[in-house]
Structure formats: C-alpha cells, structure tokens
C-alpha cells in the first residue's frame, strides 16, 4: 500500500554508504509486447558523479566509490490488458549501465503509492523512485521500473490500486517487453531476474513473483525477491480495520478508501458511496474519491450496515473479492525476504507474518521475515533498501 513519502535520497544515501561490494505452458498474448522505446537521457560516469555531488554535497565521496558506470535512461511503451480484459498500451522505465562489458542481471523495482502521474518512473522525476533506480543501475544492474496501469501511457485508465491481477499481469507483460528491448538493443543480460518493491510496491512484487513462478517460469530465471511492508493478507487487514481502531491519519485513510473504491469498480459492485461510508464523509468521497482529508479511525467513517454485513458474512461477494487478493498461501521456490517494521500503523506487521507463515506452510523453504524492531512504515524503508541491495548483490550472478 501507500508509502507515506517518496523514498527519500537521504535514506538512499544511508543505504549506499553501507552497501559494499511453470505448472502450465506459457503462451504469449501478443506477438510482440514492445510497442516503442525512447532514450530519454544519458549520463557518463563523470556526469553522474557530478549529479551525486550536487545532491549529497560533502558526502558525495562516500557515495561515489559505489558508482561503476554511466547510465542511459529509457522509456518503453508496451501492450498489456486491463483487469477487464481490454488491450491497453502501458509504459515503464529502463535504466542501463553503459560502461560495463560483462552480462548483467535485470532488477525489476515496483514503486510505492503515487498520487501524481508525474511521479511515475518513466518521467524520471528527480524526486521520484526513479532516482533510486538510477543508483541501482550505476552499481551494475539493468533496472526496469513499471509505471503501472493508471500512469504514464495509460494515465486515462483508473489505477487498479492494490488489485492482485491488475498489478501482476501488466508487470509481467512489462518484463516480457523489457526482454524484447534488451534483445533489440543488444544489451548483455545474464538472464537472471531480481524483484523488489516497498509498500504498494511490496504487494505488487509478491503478486508478480507468484504469477511468474506459477505461469511464466519458462520465460524468466527468477533468482530472488525483496518485498517490503506490503498488505499481503487483505482478509486479516479488513478484519482488523473493522474490529479495532486505526491510526486515524488522513494519508492512511486515503489509501484505505482507494482500495475499497477500486474493488467496488473492478468486481462490478458499483454501489452508491453511501453504502460504504457515513455522512459527511460519503459526500466528500463521492466528489473527490480517495483524495480527501479525513482524520478519523477508519471504522468510524464506514457505514455500520456495511460493517455488520462484513462481520456476519452477508456481504459474501465483498469477502470473496477481498480473499481473491490475498497472496499469503502459496509455494515459492526462490529466496524471498519480507521486510516489515513491527510498529507500522499503516500496513500492519501481521501482513508479512501471515505471508511468511502461509508460504512456509505451503512448502516454501526460503521465505524469511526480516522484522524491524520499532520500525514504522517510513523509518523501515532504509532497512529494506539496504537489504535489497545486499540481496541483489548476492543473487545477481
């Protein structure tokens, strides 16, 4: 779910300072996924180092030794499908090291919640997570970052927020397009794929991992995955929210409302907003959707009749929709790290606990829970980044 703030460069600096060193046949939906590609910008190593200097000032020397290469920034457009099954052109970013001769691993980094289209990776906004991707690439990785449906080329389609299929399938199609781009450009790739993401990106990463392992294993040599603070157990999260108090922070509520409105649309419920929320909040949400400022515990803004239906199971279709987006009980064959702060009041820690326990019970032997003591949703980002860089370095070859 939503990262409370864009991954900040100060956390990235912290990480960089300490970082050394199918069960069924896969059938392509399209003859070609890649529609077009554009080189947006290019940095020589020297130019990139200058950028670091202007960003980090006196600390740039502590960062610069990690930079191995200049980089080229590319936007690609590709074909995928919406959750409703309609073809759509979506987009994403690819960042390629330019000075290295060896074959490199591909890392796909799924971004957290964004409310502004300009924050999508393919725009390469310096304050977006694309900046993180550039640092990763400069250390010797090919980095791919999907915009997601609802951003970039597909900005006119409502983003399928926290919807398993709406995130995972376009991400896989993006990676199939990335493979075509790599071949077309003659980029040396060692065929290894790594995945990472935090918050909504953590959920998107685990959902994408599951889809690749179950249906696209012949297309990708998936080596490892790093997932941070994702809402993997939607069912337990809903139960918690309707039975106990939440933080009441308006930024958190925007995300919770967004999930509810997304599922209402994608599962075809299309019910009046007043079915879900009480006044005066319902009128505000009807006009502004999730872009509202409501500082109340989430249970206090929900319609008591709707809550009662969830508790007594008469809202059966809604409960089925929630369960459809759980990704806690399945077997993974690859090293998977789940990072989560145990003081996270936005995405409860039990989400990662549920995923680790559920996946292990299904036979996964390499799923580890990295518990961050006292970590909040924001403060835990640094530990996730540090761990992800370590994971990528460990499994890239």
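Just one of the numbered conditions (1) in contact with a helix residue (DSSP H, G or I) (Cβ under 6 Å, 6 or more places away or on another chain); (2) surrounded by 13 or more Cβ atoms within 10 Å (Cβ to Cβ) is not true of residue 254: (1). With respect to the stated conditions, residue 17 is touching a helix residue (DSSP H, G or I) at 6+ places or on another chain (Cβ under 6 Å), under 21 Å from residue 390 (Cβ atoms), at pLDDT below 95 and surrounded by fewer than 16 Cβ atoms within 10 Å (Cβ to Cβ). Can you find even one residue in the range 129-143 that is in a strand (DSSP E or B) and over 30 Å from residue 320 (Cα atoms)? Looking through the range 129-143, at least one residue is in a strand (DSSP E or B) and over 30 Å from residue 320 (Cα atoms).
Listed here are the helices (runs of 4 or more DSSP H) enclosed by the range 265-322 that have at least 3 residues being under 18 Å from residue 250 (Cα atoms): 281-288, 298-301. The set of residues in the range 90-129 that are surrounded by 24 or more Cβ atoms within 10 Å (Cβ to Cβ) and modelled with pLDDT under 95 contains only 129. Do we find a residue being touching a strand residue (DSSP E or B) at 6+ places or on another chain (Cβ under 6 Å) and over 17 Å from residue 174 (Cα atoms) anywhere in the range 113-122? No, that holds for no residue. Condition first: under 26 Å from residue 327 (Cβ atoms) and in contact with a strand residue (DSSP E or B) (Cβ under 6 Å, 6 or more places away or on another chain). Can you find one or more residues in the range 228-245 that meet it? Checking the range 228-245: at least one residue is under 26 Å from residue 327 (Cβ atoms) and in contact with a strand residue (DSSP E or B) (Cβ under 6 Å, 6 or more places away or on another chain). Would you mind stating whether residue 162 is under 15 Å from the mean Cα position of the chain (by Cα), buried (at least 24 other Cβ atoms within 10 Å of the Cβ) and more than 24 Å from residue 34 (Cβ to Cβ)? Yes, satisfied. Checking the structure you have, find out if any residue of the range 262-281 is modelled with pLDDT of 95 or more, in contact with a helix residue (DSSP H, G or I) (Cβ under 8 Å, 6 or more places away or on another chain) and over 19 Å from residue 318 (Cα atoms). Yes, that holds for at least one residue. The one condition from (1) touching a strand residue (DSSP E or B) at 6+ places or on another chain (Cβ under 7 Å); (2) surrounded by fewer than 22 Cβ atoms within 10 Å (Cβ to Cβ); (3) under 16 Å from residue 77 (Cα atoms) that residue 183 does not meet is (1).
The values are calculated or read from the model by the stated rules, or taken from the named source; none is laboratory data. Just so it is clear, the structure is predicted and the values come from calculations on it, not from any experiment. Heads up, the Cβs are rebuilt from the backbone with ideal geometry, glycines too, and the neighbour counts pull from every protein chain shown.
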